[in-house]
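Participant: This structure is in structure tokens; I'll ask about it shortly.
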Amino acid sequence: AKATALPDDDELLDSLAADAYCFGIDGRIYFAPTMSTFYSDYHQLQERFPHLTWTGNPDRPTLEVIGALVFDTNSKELSAVLDNHASDLYSFGSIAAAPNGKLYSPPDAGDCVAVLDPGTCSFDFLHIDGPPGDGTWTGIASIADGYMYCSPASGRKVLVIDSNKSRLHTIYDEELMDTCETDSWGEHHTHWSGIAAAHNSKLYCSPRDATRVLVIDANTWELSTIDIGTDVNPDMMNKWSGICLADDGRLYCSPCCAHTVLVIDP
């Protein structure tokens with residue numbers, strides 16, 4: 001194994017650090033968007049991104065943007081997609097590419113999904129119905145039919161993004177959600193912190209604070225759960241923090257505070 005430090009770009013990296021990334025259909029790596037404020041000190045940005053509008057004091061203008069880093073694995077060049085937007089409204093902790101070529105990021109704080117269009121190098125937003133803060137999501141997985149499913153974090157609803165029609169839906173089962181919570185939780189908790197699609201048209205969510213694995217049937221939009229066994233106390237906080245599908249058809253959840261890797265055999 002070998003790790004190599006890639007060329008950096010201080011101006012962009014200083015303010016556009018991201019928690020997640022994915023491959024776009026163009027082969028480039030796109031990082032989850034970040035809301036940032038740039039100041040006049042970043043003078044080169046005015047030349048690199050002339051379409052952006054600077055505001056505030058002419059002697060010290062500010063630039064409020066949503067931005068996503070983009071890395072070209074062939075040229076090893078780092079760039080960014082930047083678009084004007086208020087910097088304090090939302091944050092995003094995951095990203096996935098849809099068959100239409102656009103990239104979608106559900107909010108881990110806020111009430112909208114960010115949509116990055118590599119073709120136009122711009123962002124759009126899909127607003128989520130309901131009161132602000134009604135739910136946040138920390139993972140997203142794409143299905144070949146253009147539907148994308150987001151694992152619930154602080155909320156209790158699965159967010160479904162229809163990338164074909166730019167529409168949002170939610171899946172909710174109150175009784176099932178009650179079985180995944182514990183009275184020992186504090187005010188801040190994350191139910192599930194990752195999601196991955198298996199070969200059986202179902203999606204599986206890694207239990208961070210939830211007591212069970214969440215299963216989403218993409219054909220019926222029904223929810224179910226899987227017991228995590230007895231090796232780990234189900235009431236433990238921060239058990240697992242991510243999930244992926246392996247070549248053997250099983251799904252593996254990366255441990256956070258748990259001392260074991262959780263293996264899900266569909």
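Participant: Criterion first (touching a Gly at 6+ places or on another chain (Cβ under 9 Å) and farther than 19 Å from Thr37 by Cα) does Thr120 satisfy it? Quick ask: steps written out before the conclusion?
Facilitator: Numbers: touching a Gly at 6+ places or on another chain (Cβ under 9 Å): no; farther than 19 Å from Thr37 by Cα: yes.
Considered against the rule, which asks whether it is touching a Gly at 6+ places or on another chain (Cβ under 9 Å) and farther than 19 Å from Thr37 by Cα, Thr120 comes out as no.
Table: residues versus (1) over 19 Å from the mean Cα position of the chain (by Cα); (2) at positive phi; (3) of a type in the set (D, E, K, R).
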residue	(1), (2), (3)
Cys205	no, no, no
Asp209	no, no, yes
Leu214	no, no, no
Asn219	yes, no, no
Asp227	yes, no, yes
Asn238	no, yes, no
Cys253	no, no, no
Cys256	no, no, no
Val263	yes, no, no
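Participant: Every residue in the stretch 223-250 that is under 23 Å from Tyr172 (Cβ atoms) and of a type in the set (A, V, I, L, M), please.
Facilitator: Of everything in the stretch 223-250, those that are under 23 Å from Tyr172 (Cβ atoms) and of a type in the set (A, V, I, L, M) turn out to be Leu223, Ile226, Ile228, Ile243.
Participant: Hey, another quick one. For the stretch 87-193, give me every one of the strands (runs of 3 or more DSSP E) that falls completely inside it and has 3 or more residues that are farther than 23 Å from Cys253 by Cα and at pLDDT 90 or above.
Facilitator: Where strands (runs of 3 or more DSSP E) fall fully within the stretch 87-193 and carry at least 3 residues being farther than 23 Å from Cys253 by Cα and at pLDDT 90 or above, they are 112-117, 122-127, 167-171.
Participant: Next question, about the same structure. Scan the stretch 54-75 for residues that are of a type outside the set (Phe, Trp, Tyr) and assigned to a strand (DSSP E or B) and jot them down.
Facilitator: Those that are of a type outside the set (Phe, Trp, Tyr) and assigned to a strand (DSSP E or B): Thr55, Thr62, Leu63, Glu64, Val65, Ile66, Gly67, Ala68, Leu69, Val70, Asp72.
Participant: Taking the options Gly229, Gly249, name whichever one is touching a Pro at 6+ places or on another chain (Cβ under 9 Å) and farther than 21 Å from Ser94 by Cα.
Facilitator: Selected residue: Gly249, the only one of Gly229, Gly249 that is touching a Pro at 6+ places or on another chain (Cβ under 9 Å) and farther than 21 Å from Ser94 by Cα.
Participant: Across the stretch 45-83, which residue is farthest from the chain's Cα centre (by Cα) among those that are at pLDDT 80 or above and polar (S, T, N, Q)?
Facilitator: Here the answer is Thr55.
Condition check ((1) without any contact (Cβ under 8 Å) to a residue 40 or more places away in the chain; (2) in contact with a Phe, Trp or Tyr (Cβ under 6 Å, 6 or more places away or on another chain); (3) open to solvent by 70 Å² or more (accessible area, probe 1.4 Å)) across all residues:
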{"position": "Thr53", "(1), (2), (3)": "yes, no, yes"}
{"position": "Asn57", "(1), (2), (3)": "yes, no, yes"}
{"position": "Glu64", "(1), (2), (3)": "yes, no, yes"}
{"position": "Ala68", "(1), (2), (3)": "no, yes, no"}
{"position": "Phe71", "(1), (2), (3)": "no, no, no"}
{"position": "Lys76", "(1), (2), (3)": "no, no, yes"}
{"position": "Ser91", "(1), (2), (3)": "no, no, no"}
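Participant: Among the residues of the stretch 223-248, what is the count of those that are more than 12 Å from Ala196 (Cβ to Cβ), touching a residue at least 24 places away in the same chain (Cβ under 8 Å) and not hydrophobic (A, V, I, L, M, F, W, C)?
Facilitator: 8
Participant: Output the residues belonging to the stretch 201-243 that are open to solvent by 60 Å² or more (accessible area, probe 1.4 Å), at pLDDT 90 or above and of a type in the set (S, T, N, Q).
Facilitator: Asn219, Thr220
Participant: Within the stretch 249-261, count every residue that is assigned to a strand (DSSP E or B) and open to solvent by 30 Å² or more (accessible area, probe 1.4 Å).
Facilitator: So the count comes out to 3.
Participant: Is it fair to say Ile95 is within 18 Å of the chain's Cα centre (by Cα), among the β-branched types (Val, Ile, Thr) and farther than 21 Å from His51 by Cβ?
Facilitator: yes
Participant: Let me ask another. Those residues that are of a type in the set (Gly, Ala, Ser), over 15 Å from Trp137 (Cβ atoms) and assigned to a strand (DSSP E or B), I need them from the stretch 202-248; list them, please. Can you show your working first?
Facilitator: Filtering the stretch 202-248 down to residues of a type in the set (Gly, Ala, Ser) leaves 206, 210, 218, 224, 229, 241-242, 246.
Pick out the ones that are also over 15 Å from Trp137 (Cβ atoms) and you get 218, 224, 229, 246.
Passing the criteria: only Ser224.
The values are calculated or read from the model by the stated rules, or taken from the named source; none is laboratory data. This is a predicted model, so every value here is computed, not measured. Methodologically, a virtual Cβ is constructed for each residue, glycine included, from the backbone with ideal geometry; neighbour enumeration extends over all protein chains shown. Heads up: the accessible areas ignore ligands, DNA and RNA and are worked out on the full protein's heavy atoms, side chains in. Shrake-Rupley method; radii C 1.70, N 1.55, O 1.52, S 1.80 Å.
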